[in-house]
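Reviewing the structure listed below.
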Amino acid sequence: MSRVVLDMMDRRPIWAMPAWVPERVAEALPEGWELTVIDEETDGSGDGAGRVSARVLAAVEDARVYLGYGIPAELLRRSPGLEWVHSGAAGVGSSLTPEMKASEVVFTNSAGVHAPPIAETVLAMILFFGRGLDIALANQRESRWSSEDYYLAGAPLEELSTSTVGIVGLGGIGREVTRRVASLGARVVALKRTPLAGANLEVTPVGGTGDLSGLVEVVHGRLGFERLLSESDVLVLAAPETDATRGMLDADALSRLRDGALVINVARGRLVVEGDLIAELQRGRIRGAGLDVFCSEPLAEGHPFWSLPNVLVTPHVSAVTRGFWTRETDLILRNLRRYVAGDPIGAWENVVDMAAGY
């Protein structure tokens, strides 16, 4: 009897696994397979808690498939027969242990599943600053009816239809952000890690890519990043944390942004050198920052981001949505069908490149 272990009973009510999820997974299994559901609470926040318990370890000892939040090293050590592991989290950093990198298991994640709500958070942050809602909130706290700030010659009020949105990373999140802001008339420039076919090795704008044709100009390389910074009214960080992206938004990068630009980070906190961003925000040269992720979480009491008037802080919740389980289950079932059918790995979705780190 072949076993699939489903260990995704998230402790947070909005992401609690509905009863229909294991039912659908069980129905998809062929004869000779069984599903073991772990009903102990776990935590899918961040890269996934990667917690193990005696019950989990016992279940995976003879399992071929493990579906959970993060893949702890101990789990791999106890389950020599595992062939495929899947994480309900998008981030994989904490799962890329030496044991994982040395194993031959197929590792998939949930990148893209979280993209729609994150993209809508990005859109909300853009409109929050672009339409001066931060000014309205400041006035409301003081019970002050004042329109003067909106009528100043330099009032920070913008329209997306006259703005350029620069997106670092054209994965699931970047693509969903592109669709939303382009639909409101924004010009979109996106930085992609690898060149597209026929592109110059340094920087070449490409008129769209795949289903985004006509919606985005794609650049790559260091020169592409510099061009994106210099042309962006809004900079959106939507790339994974890797050796290449860690600290990429530093003082030099920030200095290349247009005056009055907006910075939004829904990726990972360590893409930003926080001290450099704080300095720019305090100077007032950039319009503001919408931040959902931070170098250290939870954000410490007394951190400057809490009190800066041009910062909007959300506590790493941009992915939260009631629509998660429909997309997550569909992804699992599509890959499950491929696994059972023996399809080549190249035909699977969301296979993690363990060397690249995402």
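The values are calculated or read from the model by the stated rules, or taken from the named source; none is laboratory data. Computed from a prediction, not measured in an experiment: that's the story for all the values here. FYI the Cβ positions are ideal-geometry reconstructions off the backbone, even for glycines, and counts take in every protein chain you see. Surface areas here come from the heavy atoms of the whole protein model, side chains and all, with no ligands, DNA or RNA. Shrake-Rupley method; radii C 1.70, N 1.55, O 1.52, S 1.80 Å.
In the range 8-21, the residues that are under 12 Å from Thr321 (Cα atoms) form Cβ pairs under 8 Å with partners that are of a type in the set (A, V, I, L, M) and open to solvent by 20 Å² or more (accessible area, probe 1.4 Å), at six or more places apart or across chains, as follows: Ile14/Val320; Trp15/Val320; Ala16/Met9. Contact annotation: residue pairs with Cβ atoms under 8 Å, 6 or more positions apart or on different chains, pairing a residue in the range 314-325 that is more than 19 Å from Ala16 (Cβ to Cβ) with a partner that is at pLDDT 95 or above and among the polar types (S, T, N, Q), are Thr314/Thr121; Ser318/Thr121. Among the residues of the range 261-298, those identified as in contact with a Gly (Cβ under 9 Å, 6 or more places away or on another chain) and more than 29 Å from Thr162 (Cβ to Cβ) are Arg268, Arg270, Val273, Phe294, Cys295, Ser296, Glu297. Checked against (1) modelled with pLDDT under 95; (2) open to solvent by less than 30 Å² (accessible area, probe 1.4 Å); (3) within 21 Å of the chain's Cα centre (by Cα), Gly169 meets all criteria but (1).
One line per residue, one yes/no per condition, for (1) modelled with pLDDT of 95 or more; (2) surrounded by 21 or more Cβ atoms within 10 Å (Cβ to Cβ); (3) more than 19 Å from Leu160 (Cα to Cα):
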| residue | (1), (2), (3) |
| --- | --- |
| Leu215 | yes, no, no |
| His220 | no, yes, yes |
| Phe225 | yes, no, yes |
| Leu228 | yes, yes, no |
| Glu231 | yes, no, no |
| Leu235 | yes, yes, no |
| Asp243 | no, no, yes |
| Gly247 | yes, no, yes |
| Ala251 | yes, no, yes |
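Restricting to the range 14-31, count the residues that are in a loop (DSSP other than H, G, I, E, B) and open to solvent by less than 30 Å² (accessible area, probe 1.4 Å). Matching residues across the range 14-31 total 2.
Name the residue that is farthest from Ala115 (Cα to Cα), counting only residues in the range 291-325 that are of a type outside the set (A, V, I, L, M, F, W, C) and in contact with a Ser or Thr (Cβ under 8 Å, 6 or more places away or on another chain). Among residues in the range 291-325 that are of a type outside the set (A, V, I, L, M, F, W, C) and in contact with a Ser or Thr (Cβ under 8 Å, 6 or more places away or on another chain), the one farthest from Ala115 (Cα to Cα) is Thr314.
Of all residues in the range 48-75, those satisfying the criterion of being of a type in the set (A, V, I, L, M) and within 30 Å of Val266 (Cα to Cα) are Ala49, Val52, Leu67, Ile71, Ala73, Leu75.
Candidates are the residues of the range 178-213 that are modelled with pLDDT of 65 or more and open to solvent by 70 Å² or more (accessible area, probe 1.4 Å); the one that is farthest from Thr162 (Cα to Cα) is Arg193.
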